[in-house]
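K.L.:
Questions regarding the structure given below will be posed in turn.
The values are calculated or read from the model by the stated rules, or taken from the named source; none is laboratory data. What you see is a predicted model; the values in this text were computed from it and never measured. Using ideal geometry, Cβ is built from the backbone for each residue, glycine included, and neighbour counts are taken over all protein chains shown.
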Amino acid sequence: MSAIPLFPRRWPPSDPAAIQLYSLNTPNGQKVGVCLEEMGLHYEPHLVDITKGDQMDADFIRISPNNKIPAIIDPDGPEGALFALMESIVILQYLADKTGQFFPRTYRARIEAQQWLTFQAAHIGPMFGQFGHFHVYAKGKTSDAYGEERYAAETRRLLGVLDARLQERDYLIGDYSIVDMATAPWVDCLVDFYKSYEYLGMAEFTAVARWRAQLASRPAYQRGKEVCRVV
């Protein structure tokens, strides 16, 4: 049996009975902030500022061995024991199972939902992130436009997959779910942070635009995106 995790000394809880969130409002961090807000769970946010290297703190690595945000500690975890968890989509699935909210209950529907969660984790996040790297951070640092053009093309292809999926349904698996919470912050990031709406021709993805508007109308979604923002 693994050792019971302890609360990080650098980020002590003010309420040890609350779920403790260690995060920053990047797209991956926003997923969990949105989920906690949508589910109405009692939680306490702690800013882990990756721009200052906070993720390399030994106490943080103890709860997130890959030194990535977000991570949580649930004081009322499985078997009632303190429970630390990393990896954003796993945290979403854990919270959905814990509360019985925003995830299907039947086996067939769960497998369908899990394939779209995996699509986000394996394709949307990594490819959109690589696009952002070359479009924003590597500007003027490479000898040609190959990287930016390659990942822009892949980002547009993936937006097309989302758009086709949303043509005949309001949300990615029909009902609003953690799949939307996982995916939408990355699409928002293309517009809000990477400032690439026109560059990517996002206006043509009309179903994606409708879906984003529906999410933006949800107060809990908007609150969740602001959790653990650097002030």
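K.L.:
Quick one: in the stretch 14-39, which of the residues that are part of a loop (DSSP other than H, G, I, E, B) and in contact (Cβ under 8 Å) with a residue 40 or more places away in the chain is surrounded by the fewest Cβ atoms within 10 Å (Cβ to Cβ)?
P.N.:
By that ranking, first place goes to Ala17.
K.L.:
If you don't mind, another one. Which condition from (1) within 17 Å of the chain's Cα centre (by Cα); (2) under 20 Å from Ile178 (Cβ atoms); (3) surrounded by fewer than 16 Cβ atoms within 10 Å (Cβ to Cβ) is the one that His42 breaks?
P.N.:
(1)
K.L.:
So, one more: Among the residues of the stretch 179-188, is there at least one that is in a helix (DSSP H, G or I), surrounded by fewer than 20 Cβ atoms within 10 Å (Cβ to Cβ) and touching a helix residue (DSSP H, G or I) at 6+ places or on another chain (Cβ under 6 Å)?
P.N.:
no
K.L.:
Evaluate the stretch 199-208: report whether one residue or more is of a type outside the set (Val, Ile, Thr), outside any helix (DSSP H, G or I) and touching a Ser or Thr at 6+ places or on another chain (Cβ under 7 Å).
P.N.:
There is at least one residue in the stretch 199-208 that is of a type outside the set (Val, Ile, Thr), outside any helix (DSSP H, G or I) and touching a Ser or Thr at 6+ places or on another chain (Cβ under 7 Å).
K.L.:
When you scan the stretch 134-149, how many residues do you find that are touching a helix residue (DSSP H, G or I) at 6+ places or on another chain (Cβ under 8 Å) and free of Cβ contacts under 8 Å to residues at least 12 places away in the same chain?
P.N.:
Counting residues in the stretch 134-149 that are touching a helix residue (DSSP H, G or I) at 6+ places or on another chain (Cβ under 8 Å) and free of Cβ contacts under 8 Å to residues at least 12 places away in the same chain gives 2.
K.L.:
Right, something else. Can you report the number of residues in the stretch 76-97 which are assigned to a helix (DSSP H, G or I) and either surrounded by 16 or more Cβ atoms within 10 Å (Cβ to Cβ) or touching a His at 6+ places or on another chain (Cβ under 6 Å) (or both)?
P.N.:
Counting residues in the stretch 76-97 that are assigned to a helix (DSSP H, G or I) and either surrounded by 16 or more Cβ atoms within 10 Å (Cβ to Cβ) or touching a His at 6+ places or on another chain (Cβ under 6 Å) (or both) gives 8.
K.L.:
Given the conditions (1) within 18 Å of the chain's Cα centre (by Cα); (2) closer than 19 Å to Asp175 by Cβ, which single one is not true for Ile72?
P.N.:
For Ile72, the exception is condition (2).
K.L.:
Further, regarding this structure: So Arg218 passes all but one of these: (1) of a type in the set (D, E, K, R); (2) within 21 Å of Phe102 (Cα to Cα); (3) at pLDDT 95 or above; (4) surrounded by fewer than 15 Cβ atoms within 10 Å (Cβ to Cβ). Which condition number does it fail?
P.N.:
The failed condition is (4).
K.L.:
Within the stretch 98-110, can you find the residues that are under 19 Å from the mean Cα position of the chain (by Cα) and either of a type in the set (Val, Ile, Thr) or within 20 Å of Ser64 (Cβ to Cβ) (or both)?
P.N.:
Passing the criteria: Lys98, Thr99.
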